[in-house]
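Comments concern the structure below.
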Amino acid sequence: MHGSFPDVTLAQQPSTPPSPPAIDGDDHPTRVLIVEDHRVVAEGLAALINHQTDMKVVGTVGTVAECIPAAAELNPDVVLLDFRLPDGAGPDAADAIRGIRPAAKMIFLTREDTDAARFAAVQSGASAFLHKSKAASEVVAAIRDVARGKMLITPRTIATLLTKRRSIEAQLERLTPREKEVLTLMAEGYPSRAIAAELGISYTTIRTHIRSLGSKLAVHSKLEAIVKARELGLIN
């Protein structure tokens, strides 16, 4: 899945718009740090960015742990992050970087396409949230805009995410800890008897929990359980 992105970006490099002149008398190129654990994706992004005259990649790292010393040493203007990393999530990396480089701007470039991911990005102070299917020119334009202080996540989007988040929190509050465990195991593909064995309770009790989940969340099948568990943030 990830491998398709650099092919797209590299193929479209010649069509990216020419780099605009520096603004406000500042002629230094925008310094970009890439936080991406898939090397082929990181290399494709670096080639795309370094093709521009008004920006350059100052470093590429693949973990949350690596991004902290890299940000401290390299002082990036913009950080381009994937959402999922081997030792944590992109928002964890963003929080860590902002702790030592508060002026750095964050752009999430990811295949994650959930409201939970967008909300986490907003909470971490992201200026943009882009899907990896975006064209190369859009990625370059986003880096350019964010470097100039533009917020690409609109207030309306943030308000919508907050409303959905409150709805999710209300649904979670209706569930007991045991029901959350049952829903998570349902979403992971466990049949009812296996859930009972995993949790050390009777099959009859599991059926009671499943009926309760059906009543509270309209969850009646494995597919519905997966969708709802992802929506509630119980599984990735």
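The values are calculated or read from the model by the stated rules, or taken from the named source; none is laboratory data. As the structure is a prediction and not an experimental result, all values here were calculated from the model. All Cβ positions, glycine included, derive from the backbone under ideal geometry; neighbour counts span all protein chains shown.
Hey, can you tell me all the residues within the stretch 108-130 that are of a type in the set (Asp, Glu) and surrounded by 19 or more Cβ atoms within 10 Å (Cβ to Cβ)?
Hit for the stretch 108-130 is Glu112, nothing else.
Specify which of the listed residues (Pro86, Pro76, Pro69) is touching a residue at least 24 places away in the same chain (Cβ under 8 Å) and either surrounded by fewer than 21 Cβ atoms within 10 Å (Cβ to Cβ) or more than 30 Å from Arg156 (Cβ to Cβ) (or both).
Only one candidate passes the filter, namely Pro86.
Within the stretch 181-236, which residues are without any contact (Cβ under 8 Å) to a residue 12 or more places away in the chain and of a type in the set (Ser, Thr, Tyr)?
Tyr190, Ser202, Tyr203, Thr204, Thr205, Thr208, Ser215, Ser221, listed by residue number.
Residue by residue through the stretch 46-57, note down the ones that are in contact (Cβ under 8 Å) with a residue 24 or more places away in the chain and surrounded by fewer than 18 Cβ atoms within 10 Å (Cβ to Cβ).
Ala47, His51, Thr53, Lys56
Taking the stretch 160-195 on its own, how many of its residues are modelled with pLDDT of 90 or more and small (Gly, Ala, Ser)?
Residues flagged as modelled with pLDDT of 90 or more and small (Gly, Ala, Ser) within the stretch 160-195 amount to 2.
Mind telling me which of the residues Ala11, Ala70, Ala93, Ala89 ends up being modelled with pLDDT of 95 or more and either in the same structural domain as Thr110 (by TED's automatic domain parsing) or within 16 Å of Val140 (Cα to Cα) (or both)?
Answer to the check: Ala70.
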